[in-house]
Amino acid sequence: VPMSRHPSRPRFVAELSQCLFDFVIQLLPTAEEMAVKEDVRKLLERLIRTIEPDSRLLSFGSTANGFSLRNSDMDLCCLIDSDEKLNASNLVTMLGDLLERGLPLGIACDIGFENRLALENTRLLMCYAMIDPTRVRTLVLFLKVWSKRRKINSPYTGTLSSYGYVLLVIYFLVHVKNPPVLPNLQQMPPLRPISKEDTHLGGHNTWFFDDVELLRQRWHSENTETVAELLIDFFRYYSRDFLYNTSVVSIRAGLLKKESKGWQSEYPPGRYNDARERNRLCIEDPFETDYNVARCVTKDGLYTIRGEFMRAGRVLAGRPERAIMALADLCA
Ligand code: GTP
Ligand code: MG
């Protein structure tokens, strides 16, 4: 094939960015879907309040953080504001029945209780999404679709949750890219003094710089890479550069060592459930810092995930004729 029939690399990359935008846009939930979900949330909240008047039902996860795809589940969290939670067990029973029978309009949802940390990490991810909506959202949404299509988005069978993939992306944009695409919201100086009570939740420091409007005025990334360049580099980093055996991904603190967290895998292999099995892949939760978000990832799961990162890197480096084909190939 004569060289001239291949688009040049810069052209391929520009085309790939455009394809990524177009691809992701058609997978976004419609305004109607969002409205139906909000209706369902309100309906359930009214129901819950008949049992526990001082309660609220809040949405978290992808429906609330800007990373949702069409027809994704809804994650809901029930907060009871009164001190004596008399009716909590009735509530749990009622919701259990309801969810078992299925919700109106075919909406799938999970309801948790008092999961205030999840509400906060949802808000953190939302703030990151809002700083650079185009690049961050496109990357995250693409990786979510890709990981689902490639069947590596399933903590129940030993691979990684969507939440885990989102953290990998944010980490890459804050700590790997130089200049960074995103600032570290958990390490920025606060605008005014903050007290410990305001910032701690169950012993975890949940403070982060959340004035996104101000940030958008004051913080500008020096990084001008396109979405396609970032995606290619993301796959390169996680297939080649990241040291899975010794390192921990932390969006709060940057690259950490397993040793420093007591997550090392040098223990002699023993019981199935030992530290070694739980800490093959280490991703520190932004607030619950002793919690490894990737603890469900098994040896085989990690092998598969890394294989997929390599495959994706190869597909994108293979310089196919058209970017659209590369994308189709990637998600095949
Ligand atoms: P899809 O459901 O695939 O659309 O993705 P999602 O963005 O909703 O992610 P996922 O369902 O994996 O997680 C939903 C929310 O639950 C996240 O935004 C977190 O707030 C919370 N969450 C999920 N997994 C964990 C975890 O391991 N630790 C903690 N602390 N929170 C988690
Ligand atoms: Mg979800």
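The values are calculated or read from the model by the stated rules, or taken from the named source; none is laboratory data. Nothing here was measured: the structure is a model prediction, and the numbers come from that model. A quick note on method: Cβ atoms are made from the backbone with ideal geometry, for glycine too, and the neighbour counts reach across all protein chains shown.
Quick test for you: out of LEU182, LEU124, LEU191, pick the one residue that is of a type outside the set (Asp, Glu) and either assigned by TED's automatic domain parsing to the domain that holds ILE48 or closer than 21 Å to LEU231 by Cα (or both). Spell out how you get there, then give the answer.
On the way: LEU124 fails: either assigned by TED's automatic domain parsing to the domain that holds ILE48 or closer than 21 Å to LEU231 by Cα (or both); LEU191 fails: either assigned by TED's automatic domain parsing to the domain that holds ILE48 or closer than 21 Å to LEU231 by Cα (or both).
The conditions single out LEU182.
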* **Filter result for LEU330 (at pLDDT 95 or above, surrounded by 15 or more Cβ atoms within 10 Å (Cβ to Cβ) and closer than 21 Å to TYR237 by Cβ)** => no
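Answer yes or no as to whether ASP73 is within 16 Å of ligand 1 (Cβ to nearest atom), among the charged types (D, E, K, R) and not assigned by TED's automatic domain parsing to the domain that holds TYR163. Please lay out each step first, then the result.
Details: within 16 Å of ligand 1 (Cβ to nearest atom): yes; among the charged types (D, E, K, R): yes; not assigned by TED's automatic domain parsing to the domain that holds TYR163: yes.
When the stated conditions are applied, ASP73 passes them.
Please work out if GLU32 is modelled with pLDDT of 85 or more, away from ligand 1 (no atom under 16 Å from the Cβ) and assigned to a helix (DSSP H, G or I). It would help to see each step written out before you state the result.
Working: modelled with pLDDT of 85 or more: yes; away from ligand 1 (no atom under 16 Å from the Cβ): yes; assigned to a helix (DSSP H, G or I): yes.
So GLU32 fits the description; yes.
Regarding ASN223, is this residue of a type outside the set (D, E, K, R) and over 25 Å from ALA294 (Cβ atoms)? Give the steps one after another, and end with the answer.
Numbers: of a type outside the set (D, E, K, R): yes; over 25 Å from ALA294 (Cβ atoms): yes.
Yes.
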* Among residues of the stretch 200-238, those that are among the small types (Gly, Ala, Ser) and surrounded by 13 or more Cβ atoms within 10 Å (Cβ to Cβ), counted -> 2
* If we keep just the residues of the stretch 109-140 that are within 22 Å of THR50 (Cα to Cα) and within 16 Å of ligand 2 (Cβ to nearest atom), which is surrounded by the fewest Cβ atoms within 10 Å (Cβ to Cβ)? -> ASP110
* To do: Quick one: in the stretch 315-324, of everything that is surrounded by 13 or more Cβ atoms within 10 Å (Cβ to Cβ) and of a type outside the set (Val, Ile, Thr), which residue is modelled with the highest pLDDT?
  => LEU316
* Asked: Do we find a residue being away from ligand 2 (no atom under 16 Å from the Cβ), in contact (Cβ under 8 Å) with a residue 40 or more places away in the chain and out of contact with any Lys or Arg (no Cβ under 9 Å at 6 or more places or on another chain) anywhere in the stretch 46-63?
  -> yes
* Asked: Failed condition for VAL140, given (1) in contact (Cβ under 8 Å) with a residue 40 or more places away in the chain; (2) among the hydrophobic types (A, V, I, L, M, F, W, C); (3) more than 10 Å from ligand 1 (Cβ to nearest atom), with all others met?
  -> (3)
* Among the candidates SER162, SER154, residue that is within 16 Å of ligand 2 (Cβ to nearest atom) and farther than 16 Å from ASN65 by Cβ -> SER154
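Please note which helices (runs of 4 or more DSSP H) are completely contained in the stretch 37-152 and include at least 1 residues that are within 24 Å of LEU168 (Cα to Cα) and under 17 Å from the mean Cα position of the chain (by Cα).
Working: elements: 62-65, 88-101, 116-131, 133-149.
Helices (runs of 4 or more DSSP H) meeting the threshold: 62-65, 116-131, 133-149.
Anything in the stretch 170-207 that is in contact (Cβ under 8 Å) with a residue 60 or more places away in the chain and either within 16 Å of ligand 2 (Cβ to nearest atom) or in contact with a Lys or Arg (Cβ under 8 Å, 6 or more places away or on another chain) (or both)? List them, or say none. Don't jump to the end; show me each part of the working.
Applying the first criterion (in contact (Cβ under 8 Å) with a residue 60 or more places away in the chain) to the stretch 170-207 yields 170-172, 174-176, 184-187, 201-202, 204-206.
ASN184, GLN186, GLN187, LEU201, GLY202, listed by residue number.
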